[in-house]
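What follows is one structure encoded as structure tokens, with my remarks underneath.
Where a number appears in this text, it was derived from the coordinates with a stated rule and is not lab data. Since the model is a prediction, treat every value here as computed from it, not as a measurement. Heads up, the Cβs are rebuilt from the backbone with ideal geometry, glycines too, and the neighbour counts pull from every protein chain shown.
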Amino acid sequence: MKEKIIFVFPGQGAQYIGMAKDIFKEFAVVRYTFDEIESITGCNIAEMCFNGPAHKLSTAANTSLATFAHSIAIARIIETEFAMPLYKIAYAMSGHSMGQYSALYCIDSMKIKDAINVLAARSTYMSMTNKDGGGMGAIVGLDQGRLEKVLLASVGHGYVEIANHNARDQFIISGQNEALDAVLAAARHNGARVAKRLNISVPAHCALMSGAEKLLRKHLEEIEIIPPKTNWFSNQTGNVMSNPMDIKDALADQMTHGVRWAEIMEKFPSYNITRAYELGPGRTLTGLINRANVGCTCSNTDNFSNVKNMLNELSVALARTL
């Protein structure tokens, strides 16, 4: 590929009722994918994605499974259309938080059963260690220095920390409920454009997940990971990673450390990445990449019309290499 393309995969919080419904109707490979995942898990994932209810879809385990299914289904549409694996089209792949597992499957580093198994275990471990209650919140419009001052509002209310650095002025915080609410209120008072709770039921990517990190690290010892077949950006380092043991270590560390998404995007110019497609529900990563001013444009693909546009664009790009 003369044009260097990255496929990016969303994480928890991108889900919504009705996700994947139109592409399920239009593409046989999507129906096959959802049936395959149901046969592995025993969960009617299509019914949950299309009809909810919302409280069921938003649990950590179901959100991960639904988002993974949606992402993999779109990846397989591309592979079917062009009769080649996604990693032969992509110069690179990366996922945000649990989206890393979608990327690792598509890059041929993990088998689908293993990816689903680890995601289920990951969600269980996170829920098990969230005994005191907690969640996550988004803050947009403050730089890191101002945000760190706002975090002082948590004193006396509990634990909270920066979990994800998504853009220069966009952060996700994670922690206990009372502390989250105090910090979000302080952020609004100090001029944040957005300061709101996310529809995520656990305080991911912070020290409260230390128990989950230990359990996941042990679980990953039993999972086979092979070297990626194209570039894979790790959330933990913000760099390309290829050694299977390093990947396992990074996935475990992610339980207690934040997502370095801003750093990943800032690497795009040095790799000459100019085009990105977000595979899965929503357009969160699309918005982040397009606003990052890193010489890369991104499109989301979570509906039939956008998928068709992507296939047309990829067809042109592939034709240039023939």
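When the convex hull of the C-alpha atoms of region 234-285 is computed, what volume per residue in Å³ does it have?
On the way: hull volume 5.4 nm³, N = 52.
So the per-residue Cα hull volume is 104 Å³.
Would you mind computing the Rg to Rh ratio of region 169-322 from its alpha-carbon coordinates, Kirkwood style for Rh?
On the Cα set of region 169-322, Rg over Rh gives 1.01.
Between GLY137, GLY158, GLY42, the GNM of the chain built on Cα springs shorter than 10 angstrom shows GLY42 fluctuating the most.
Could you grab the relative contact order for region 157-215? Cα pairs under 8 Å, six or more apart, rounded to a whole percent. In percent, rounded to a whole number, it is 31.
When only the Cβ of Lys, Arg, Asp and Glu is charged (+1, +1, -1, -1), the dipole of the chain relative to its Cα centre reaches about 540 debye.
Extents of region 1-66, taken as max minus min of Cα coordinates on every principal axis and listed largest first, are 44, 26, 22 Å.
Here's the picture: a label point sits 7 Å out from the Cα of ASN290 along the beta-carbon direction, and within region 88-105 the residues with their amide nitrogen under 20 Å of it are 94-96.
Can you give the calculated 222 nm mean residue ellipticity of the chain, where each DSSP H run of n ≥ 4 adds -39,500 (n - 2.57) and the sum is split over every residue, rounded to the nearest 500 deg cm²/dmol?
Working: 15 runs with 155 residues, N = 322.
The helix-only estimate for the chain comes to -14500 deg cm²/dmol at 222 nm.
Taking each residue as 0.36 nm, the span from ARG31 to HIS55 lengthens on full extension beyond its C-alpha to C-alpha distance by 6.2 nm. One decimal place: the segment ASP143-ALA207 gains 20.8 nm when fully extended, by the rule 0.36 nm per residue minus the C-alpha distance. Local charge for ASN239 was computed over the other residues whose Cβ lies under 14 Å away, with Lys and Arg +1 and Asp and Glu -1, and equals -3. Contact order normalised by length for the chain, with contacts defined as Cα pairs under 8 Å and 6 or more residues apart; what percent is it? This gives 24 percent for the chain.
Across the chain, Cα-Cα distances exceeding 32 Å account for 24% of all pairs.
Multiply the residue gap between ARG188 and GLU313 by 0.36 nm, knock off their C-alpha separation, and tell me the result in nm, one decimal place. Once the chain is fully extended between ARG188 and GLU313, it gains 40.9 nm.
Here ASP246 and ARG168 are evaluated by their C-beta separation; at R0 = 30 Å the FRET efficiency comes out at 0.65.
Given region 135-200, report the % of alpha carbon pairs whose separation exceeds 21 Å. Each step should come with its number before you reach the end.
Values: 157 of 2145 pairs.
Percent of Cα pairs beyond 21 Å in region 135-200: 7.
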